[in-house]
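Enquirer: Sending over a structure as structure tokens; questions will come in a sec.
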Amino acid sequence: MENPYNYFKRDISWLSFNYRVLLEAEDEGLPLYERINFLSIYSSNLEEFYKIRVADHRAIASGVTLSEEEDVQSATQLLHQIQAEVNRQTEKRTRIYEQQILPALQKKQDHLLPDT
């Protein structure tokens with residue numbers, strides 16, 4: 001009997017959660033430095049996601065690792081879905097940072113120093 005429920009892939013669902021963290025950085029009702037902290041949390045979460053989850057899917061997609069839950073084709077498809085979603089979110093993060101956070105910092109006369 002076929003399952004009548006459609007489930008989201010765990011990793012796509014996790015990206016949706018992390019996107020909600022990103023959206024907190026967009027909330028102008030929050031203090032500016034709290035919004036910056038949400039950007040930091042979002043980025044840190046995404047870095048860890050790539051180190052652990054994406055690395056696992058890449059290993060399966062390349063055939064280096066075998067999995068009972070996922071084959072090469074489904075791992076490859078999932079990697080494409082992940083990349084598309086991360087690209088969308090990264091564009092949003094860039095807009096929030098460049099169009100909201102930086103202007104708000106300039107308005108407060110605060111400056112971020114670029115990495116050297």
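The values are calculated or read from the model by the stated rules, or taken from the named source; none is laboratory data. All values reported here derive from a predicted model rather than from experimental measurement. Cβ: placed from backbone, ideal geometry, glycine included. Neighbour counts: every protein chain shown. All accessible areas refer to the heavy atoms of the entire protein, side chains included, with ligands and DNA or RNA removed. Shrake-Rupley method; radii C 1.70, N 1.55, O 1.52, S 1.80 Å.
Enquirer: Hey, which lysines would be in cross-link range of K107, C-alpha to C-alpha under 22 Å, not counting anything within fewer than 8 residues on its own chain?
Expert: Output for K107: K92.
Enquirer: Using the Cα centre as the reference, give the magnitude of the dipole from point charges on the C-beta atoms of the range 17-93 (Lys, Arg: +1; Asp, Glu: -1; all else neutral), rounded to the nearest 20 debye.
Expert: So the dipole magnitude of the range 17-93 works out to roughly 220 debye.
Enquirer: Is there a quick way to get the dipole size of the range 13-60? I mean about its Cα centre, with the Cβ of Lys and Arg at +1 and of Asp and Glu at -1; what is the value in debye to the nearest 20?
Expert: Charge dipole, the range 13-60, about its Cα centre: 300 debye, nearest 20.
Enquirer: Would you compute, for the Cα atoms of the range 39-87, the largest minus smallest coordinate along each principal axis and list the three values in descending order, in whole Å?
Expert: Here the Cα extents, ordered largest to smallest, are 35, 18, 15 Å.
Enquirer: While we're looking at this one, here's another question. For the range 1-104, report the accessible area per residue in Å² (1.4 Å probe, heavy atoms, rounded to an integer).
Expert: 69
Enquirer: To continue, here is another question. Where does the Debye-calculated log10 I(q)/I(0) of the chain sit at q = 0.13, 0.22 Å⁻¹, using only Cα point scatterers of equal weight, no solvent?
Expert: -0.63, -1.19
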